[in-house]
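Participant: Quick one: structure below, then a few questions.
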């Protein structure tokens, strides 16, 4: 608290001991059910690199008892996405290609963007993995190439602007 108060941008800081994380009660929050996806694993030890050992090492499983990402939007600006992936098909809510202005985000390499969306918000559907915020909705935004005519300006900056200016319906992001 002393370090926080010493920061020039902090005008007031008070300790509050009554805080607890959302428990699922309230608008937009759903009490999470612990994921049962087969590649989730059960330990932070890397016994099988396909399993999600990092969930346990980062203690995300402890957060899952209180929150799931419900009521949250995660926007990923990346180089392409495979939206037909079994863990993403119900999670991706919006797409935008800042390079050509279309909604096609599958031009070019799709492995990195697909992986990032999965780690962030793969659906808990008893298939594959579970994302850190497995109940969040995802926005896939491509910036590097497209199938239509290239737009003027910097497509990476345009992708970030697009995400920032979209109405999320009051959801946190």
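Participant: Contour minus end-to-end for residue 3 and residue 127, with contour as 0.36 nm per residue of separation and end-to-end as the Cα-Cα distance? Numbers along the way, then the final one.
Facilitator: Values: separation 124, 0.36 × 124 = 44.64 nm, distance 4.45 nm.
Taking residue 3 through residue 127 to full extension adds about 40.2 nm, to one decimal.
Participant: Let me ask something else about it. For residue 10 and residue 43, compute 0.36 nm times the residue count separating them, minus their Cα-Cα distance, and round to one decimal in nm.
Facilitator: Numbers: separation 33, 0.36 × 33 = 11.88 nm, distance 3.92 nm.
Contour length minus the Cα-Cα distance gives 8.0 nm.
Participant: Would you mind calculating the relative contact order of the stretch 68-165 from Cα pairs under 8 angstrom and at least 6 residues apart, reporting the percent as a whole number?
Facilitator: On the way: 243 pairs, mean separation 39.6, N = 98.
That works out to 40 percent.
Participant: Another question, then. Express in nm, to one decimal, how much length is gained between residue 157 and residue 112 on full extension, taking 0.36 nm for each residue of separation and deducting their alpha carbon distance. The partial results should precede the final answer.
Facilitator: Details: separation 45, 0.36 × 45 = 16.20 nm, distance 1.92 nm.
Once the chain is fully extended between residue 157 and residue 112, it gains 14.3 nm.
Participant: To continue, here is another question. When ranked by the protection proxy of mean other Cβ atoms within 10 Å per residue, highest first, what sequence do the peptides 68-77, 155-164 form?
Facilitator: Values: 68-77: 21.6, 155-164: 16.5.
Descending packing order for the listed peptides: 68-77, 155-164.
Participant: Moving on. Show log10 I(q)/I(0) for the stretch 68-165 at q = 0.17, 0.23 Å⁻¹, two decimals, from a solvent-free Debye sum over equal Cα scatterers.
Facilitator: -0.66, -1.08
Participant: Further question on the same structure: For Rg and Dmax of the Cα atoms in Å, several values are listed as [x] 18.7, 56; [y] 15.7, 47; [z] 15.9, 58; flag the one computed from this structure.
Facilitator: The value matching this structure is [x].
Participant: How do 118-124, 136-142, 83-89 rank on mean C-beta neighbours within 10 Å, highest first?
Facilitator: 136-142, 118-124, 83-89
Participant: Using a ≥ b ≥ c from the Cα gyration tensor of the stretch 45-93 (square roots of the eigenvalues), is it rounded, prolate or oblate, where a/c under 1.5 gives rounded and otherwise the larger of a/b and b/c decides, a/b for prolate?
Facilitator: Numbers: a/c = 2.26, a/b = 1.32, b/c = 1.71.
It is oblate, given that a/c is not under 1.5 and a/b is not larger than b/c.
Participant: Counting helices only, and only those DSSP H runs with n ≥ 4, report the 222 nm mean residue ellipticity of the chain as the sum of -39,500 (n - 2.57) divided by its residues, in deg cm²/dmol to the nearest 500.
Facilitator: Values: 5 runs with 36 residues, N = 173.
After summing the helix terms and dividing by the residues of the chain, the value is -5500 deg cm²/dmol.
Each value in this text was obtained by applying a stated rule to the coordinates, not by laboratory testing. Keep in mind that what you see is a predicted model, and the values were worked out from it rather than measured. Cβ sites come from the backbone with ideal geometry, for glycine too, and all protein chains shown count toward neighbours.
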